[in-house]
Amino acid sequence: MADEMASSQSQYPTIDPGEFDLVVYGTGLPESLLAAAAAVAGKTVLHLDSNCFYGSLFSSVPISSLPSVFEDSPLFSEIETFGSAPEASRGFLLDIHGPRVLFCGDPMVDLLIKSGASHHVEFKSVDGSLIFWDGRLCPVPDSRQGIFRDRSLGLAEKSQMMKFLKLVRGHIGLDGKEGDDGSGSIADEDLELPFVEFLEKQRLPPKIKSIILYAITFADYDQDGGEACKKLMKTKDGIESIALYSSSIGRFPNAMGAFIYPMYGQGELPQAFCRCAAVKGALYVLRMPVVSLLMDEQNKLCKGVRLTSGQEILSSQLLMNPSFAVQNSGSHMQSAQEGLNSVNLLGKVARGVCITNCSVQPELSNILLVFPPRSLHSEQLASIRALQLSSNVSVCPQGYFVVYLSTLCDDAILGKEWLHAAINALFSSSSSETSTSSNNGDPEPKPTLLWSCVYVQEISQASCDAAICSCPTPDGNLDYRDILETTKKLYHSVYPDEEFFPESAASVNAEDDGALSD
């Protein structure tokens, strides 16, 4: 037995040196951001992952790897699959935490440019957005041109939406001027109102109100539920979201709308920041599990880790993926969620990934879709978001499409039920089923569902004690703003005197904006 253990350990490389300022376990997006920021600040960093791929919970993996991803993490449950994977299954790269996009104007894109990570990832534009309304998919008119082109809106609806957007643009200064009489701004008392009440004060029709709430500001829950709503959006938050959406349109020359998606999947983002960290001297070792924590007997704090190779690595700070479990020196199994200011589960998100043989909208390839609360049935309390991707972002072979869906939920069964309702609205299990999804109301064949996987993921927040920190899991949002903000706070709790990616360390220039517009 001893000989077998020694032989197994000899297969792993010896890490030199044996002491680092920071050890990061897991290569998810938060961990990769933290490793890169620490390396830029001049810290010695060892970045480990037990997997043979980068990304951890934020990775993009082949279909064949999904079962092992689910088995290796306690965060996933209620997993069910339908159909058979296409013969060309090796050509698929599936995001574990989809659907996810980046606003062209959001802070994550700014950080990609500032840090130089944009050199290591390419993006494609999302062609457009659709909202499920009155049993069919309708365009989301998100600009003046979009409003005028939208045949599903009447003249009165177009006029009301234009008037509202003009008010918002005047308030946030996008029109370049504000009325001297205050007509170009929104009153302070209105900014504190629930956003849905402010929209009602503007006398917007139900469809326009739903588009603004769920397809532009991306409210999570039914805003008409009043105090019963789990997360009621205030007007100031709604206006801020519209500002981000508006500033994203037209930022990059070749981006058609507000959103972009990384070529080869969202797993490219953590890899891009890992490359930035490596340039600054961080050491990377994959296929290297941490088997136990090394505890200081006097102060009872973690002083390092023992690797599966048997080597002991000393470090004053450890950052961990929350789904990993390791032993402390007392042979007690401990995850990053134990004893670290009580990392709380924030809820659940039901996710789905589907493979189909044609687009849900024939003239579009990469599409964002929104099912507002109660648009599928009366018990649907949260929005369902979906993202269709084609072969032009290199996540599937030509002739196939990948569609991600997600919805926040408190009950796993209900969350999956809502996702199945959306899947049934979009796809058929046979080529003969039709849908009224066309703008002119004529029935069209639904895309055939070839394969799907639906599952539930627990959401947990970040936590930190004196020596060990737990990183956040993927949340239920469409973008990375909350994850980035949480990661910044985690970094400053570890290194309060260090700037998160200082300007002086950026190896980019203004011309890099164009690299994000492919």
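The values are calculated or read from the model by the stated rules, or taken from the named source; none is laboratory data. These numbers come from a predicted model, not from an experiment. Here the Cβ positions follow ideal geometry from the backbone for every residue, glycine too, while neighbour counts run over all protein chains shown. The area values use the complete protein model at the heavy-atom level, side chains included, leaving out ligands, DNA and RNA. Shrake-Rupley method; radii C 1.70, N 1.55, O 1.52, S 1.80 Å.
Things to note:
- Against the numbered list (1) in a loop (DSSP other than H, G, I, E, B); (2) open to solvent by 30 Å² or more (accessible area, probe 1.4 Å); (3) at pLDDT 95 or above, Phe53 comes up short only at (3).
- In the set (1) surrounded by 17 or more Cβ atoms within 10 Å (Cβ to Cβ); (2) at pLDDT 95 or above; (3) not aromatic (Phe, Trp, Tyr), the condition left unmet by Leu286 is number (1).
- Boolean, Cys138 is closer than 24 Å to Val196 by Cβ, open to solvent by less than 10 Å² (accessible area, probe 1.4 Å), of a type outside the set (Lys, Arg) and touching a strand residue (DSSP E or B) at 6+ places or on another chain (Cβ under 9 Å): yes
- Meets criteria (crowded, with 22+ Cβ neighbours inside 10 Å and in contact with a Pro (Cβ under 6 Å, 6 or more places away or on another chain)) for Phe123: yes
- Unmet criterion (only one of (1) aliphatic (A, V, I, L, M); (2) closer than 30 Å to Gln361 by Cα; (3) buried (at least 21 other Cβ atoms within 10 Å of the Cβ)) for Leu450: (3)
- Residue match in the range 106-118 (condition: assigned to a helix (DSSP H, G or I) and of a type in the set (Asp, Glu)): yes
- All conditions but one from (1) at pLDDT 95 or above; (2) within 20 Å of Val395 (Cα to Cα); (3) surrounded by fewer than 24 Cβ atoms within 10 Å (Cβ to Cβ); (4) touching a Phe, Trp or Tyr at 6+ places or on another chain (Cβ under 6 Å) apply to Val61; the one that does not is (4).
- Per-region count, the range 480-502, residues touching a strand residue (DSSP E or B) at 6+ places or on another chain (Cβ under 8 Å) and more than 22 Å from Gly98 (Cα to Cα): 3
- Looking across the range 219-260 at every residue that is outside any loop (DSSP other than H, G, I, E, B) and of a type in the set (Lys, Arg), the one that is nearest to Ala382 (Cα to Cα) is identified as Lys234.
- Inter-residue pairs, beta-carbon under 6 Å, first surrounded by 15 or more Cβ atoms within 10 Å (Cβ to Cβ) and modelled with pLDDT of 95 or more and in the range 372-400, second among the charged types (D, E, K, R) and not in a loop (DSSP other than H, G, I, E, B), 6+ apart: Val393/Lys124
- Pairs linking a residue in the range 478-496 that is closer than 28 Å to Tyr214 by Cα to a residue that is of a type in the set (Phe, Trp, Tyr) and at pLDDT 95 or above, with Cβ atoms under 6 Å and 6 or more positions apart or on different chains, are Leu478/Phe218; Asp479/Phe103; Lys488/Phe500.
- Only a single item in (1) surrounded by 18 or more Cβ atoms within 10 Å (Cβ to Cβ); (2) outside any loop (DSSP other than H, G, I, E, B); (3) at pLDDT 95 or above; (4) not acidic (Asp, Glu) is not met by Gly265, and it is number (2).
- Of everything listed in (1) assigned to a strand (DSSP E or B); (2) aliphatic (A, V, I, L, M); (3) farther than 22 Å from Val279 by Cα, the single unmet condition for Leu46 is (3).
- In this structure, Lys114 does not qualify as in contact (Cβ under 8 Å) with a residue 60 or more places away in the chain, under 25 Å from Leu369 (Cβ atoms) and either open to solvent by 10 Å² or more (accessible area, probe 1.4 Å) or over 21 Å from the mean Cα position of the chain (by Cα) (or both).
- Complete set of residues in the range 289-307 that are β-branched (Val, Ile, Thr) and surrounded by fewer than 17 Cβ atoms within 10 Å (Cβ to Cβ): Val291
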